[in-house]
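Here is the structure we will look at, set down as structure tokens.
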Amino acid sequence: MIVGDQFGREFLLKKWVRCTVIGKIMDPSTSIRGWTSLVAIVVFLGGIQLLSVGVIGIYIGKIYKEVKGGPLYIIDKTTNFEE
């Protein structure tokens, strides 16, 4: 049962790594300088990107509605046709 034992060790190692990483993140004494400002900048720029994509989506939606309501054919001129 080497395979089963290997999976058990791998599981325990992953669990230990997760607990260690979460513990270091939660501990305020090991904070990284500049982390807060970096996260704030990334969130702000991500918000601007989402806002821009939303505005572009609204614009494309309005174009789609305008084009959808148009005629199928545009007739330039008619010959031998009485109205």
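Some observations on this one:
- Eligible lysines near Lys77 by straight Cα distance, threshold 24 Å, same-chain separation 8 or greater: Lys68
- Given charges at Cβ of Lys, Arg, Asp, Glu: the chain dipole, positive-most of Gly34, Gly8, Gly57: Gly8
- Estimated translational diffusion coefficient (Stokes-Einstein, Kirkwood radius over Cα pairs, 25 °C, 0.890 mPa s) of the chain: 122 µm² per second.
- Residue-averaged 222 nm ellipticity for the chain, from DSSP H runs of 4+ at -39500 (n - 2.57), nearest 500: -25500 deg cm²/dmol
- Once the Cα-Cα distance is subtracted from the 0.36 nm per residue extended length, the Ala40 to Val17 segment shows a gain of 5.6 nm.
- Rough spin-label spacing in nm, given labels placed 7 Å along Cα→Cβ, for Lys65 and Val53: 2.2
- For the stretch 18-83, trypsin sites (Lys or Arg not before Pro) meeting the loop criterion (DSSP other than H, G, I, E, B) and having at most 10 other Cβ atoms within 10 Å: Arg33, Lys77.
Any read-out appearing in this document is the output of simple, stated calculations on the displayed coordinates, not a laboratory observation. What you see is a predicted model; the values in this text were computed from it and never measured. All Cβ positions, even for glycine, are placed from backbone atoms using ideal geometry, and neighbour counts span all protein chains on display.
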